[in-house]
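Nothing in this text is a laboratory measurement; each read-out follows from the coordinates by a stated rule. The structure presented is a predicted model; accordingly, all values stated were derived computationally and were not measured. Don't worry about glycine lacking a Cβ; one is built from the backbone with ideal geometry, like all the others, and counts go over all protein chains shown.
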Amino acid sequence: MTHETPEQLNARLDIGKDARFEIGQGGLTRLTLDGAVASGQVYLHGAHVTAWQPAGHAPVLWMSPISRFEPGHPIRGGVPLCFPWFGPHPHDPQAPAHGLARLETWQPTALRRTADGDLVVELQRRIADFDLTYTVSLGRTLTMTLHILNRAAAPRRAEVALHTYFTVGDVKQVQITGLGGTIYVDKVAGGTRRRQGDEPIMFHGETDRVYLNTQAACVLDDPVLLRRITVEKSGSNSTVVWNPWIDKARRMPDFPDDGWPGMCCIETASVADDALQLPPGGDHAIIASLSVARTA
Ligand code: TA6
């Protein structure tokens, strides 16, 4: 059933007009969700959530206006799936950054509406020796669950991240709490390990930190958009906080030079020291659950 047309997908997975497969940007197939409590979009390319907007709120996820929508290239923004490695491949410099999952076309396997009006889509894909099932529940809360099953006859190590991009009013004014006292790898300082103080995280330059051994929820306070975004998680022992700032934004061809003030990433992950170790037949689920509240 791979590479079905939108018409075939709508025939197979029809739940009504509020959930329709269609041709999106770059000719890629996407699922457009326009429910009573939220709207959103999920591309089959990378099983990539590119939009989520709960009723009564401004769009929550940041998307680059110059993102590529092409096979073999990741979509920039939304929620890229990083698997089975995070960042550069540990041994192969030719391998794509952040793994293979965000570059593959995923197969929609289920579509349903909950009693609360949430729209839920399930997508599947085999990546290397792993069977992946990704469930996106889009409503007042956006809950993304990636289930990972090791199909190999040997143990496997894997890194995973739901690399969520958030829209913010001004990244220089946002505050992130929840990681006080947590050890992080500072990738802007050559991987130096530091301990986060108890003050909120604020952005004063390129920021690229992998917080380790943390199961904490994070809160992003945005005094410009007057909202608070909460990132709750389970099955995740790492949280990555990132803003490219000026120079790195300029170096990314699919990222606008003036885009960095309007976004930041809080990524729900298990990477580095926290990488997954799955025995043969072993499985794991990583879950990110996003919610938004007005603060004025
Ligand atoms: O999560 C932060 C990070 O690892 C940064 O180092 C930066 O590379 C970002 O991911 C985006 O990576 P990408 O391969 O999508 O350009």
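Here are the numbers:
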read-out	value
Residue selected from the range 254-285 under the condition among the aliphatic types (A, V, I, L, M) and within 13 Å of the ligand (Cβ to nearest atom), by the criterion surrounded by the fewest Cβ atoms within 10 Å (Cβ to Cβ)	272
Strands (runs of 3 or more DSSP E) within the range 189-251 that include 1 or more residues touching a Gly at 6+ places or on another chain (Cβ under 6 Å) and within 16 Å of the ligand (Cβ to nearest atom)	218-222
Every pair of residues 6+ apart whose Cβ atoms lie under 9 Å, when the first sits in the range 65-87 and is under 11 Å from residue 101 (Cα atoms) and more than 10 Å from the ligand (Cβ to nearest atom) while the second is of a type in the set (Val, Ile, Thr) and not in a strand (DSSP E or B)	85/271
Count of residues meeting criterion [of a type in the set (A, V, I, L, M, F, W, C) and within 11 Å of the ligand (Cβ to nearest atom)] in the range 88-102	1
Contacts under 6 angstrom Cβ, first residue in the range 93-110 being within 16 Å of residue 68 (Cα to Cα) and β-branched (Val, Ile, Thr), partner away from the ligand (no atom under 14 Å from the Cβ) and not in a strand (DSSP E or B), 6 or more apart	105/44
Residue list for the range 222-253, restricted to those being farther than 27 Å from residue 273 by Cα and surrounded by fewer than 18 Cβ atoms within 10 Å (Cβ to Cβ)	223, 224, 226, 228, 246, 247, 250, 251, 252, 253
Odd one out for residue 117 among (1) away from the ligand (no atom under 11 Å from the Cβ); (2) in contact with a Ser or Thr (Cβ under 6 Å, 6 or more places away or on another chain); (3) among the small types (Gly, Ala, Ser)	(2)
Residue in the range 269-291 that is touching a residue at least 40 places away in the same chain (Cβ under 8 Å), in a loop (DSSP other than H, G, I, E, B) and of a type in the set (Val, Ile, Thr) present	yes
Of the criteria (1) under 22 Å from residue 105 (Cβ atoms); (2) surrounded by 21 or more Cβ atoms within 10 Å (Cβ to Cβ), which one residue 38 fails	(1)
Within the range 252-268, tally of residues that are in a loop (DSSP other than H, G, I, E, B) and under 13 Å from residue 166 (Cβ atoms)	1
Entirely in the range 16-131, the strands (runs of 3 or more DSSP E) that have 2 or more residues that are farther than 22 Å from residue 145 by Cβ	19-23
Members of the range 142-181 found to be of a type in the set (S, T, N, Q) and not in a strand (DSSP E or B), listed by number	164, 173
Output for the range 244-268, where each listed residue is in contact with an Asp or Glu (Cβ under 7 Å, 6 or more places away or on another chain), in contact (Cβ under 8 Å) with a residue 40 or more places away in the chain and closer than 20 Å to residue 184 by Cβ	245, 248
Single condition residue 210 does not satisfy, out of (1) within 16 Å of the chain's Cα centre (by Cα); (2) surrounded by fewer than 22 Cβ atoms within 10 Å (Cβ to Cβ)	(2)
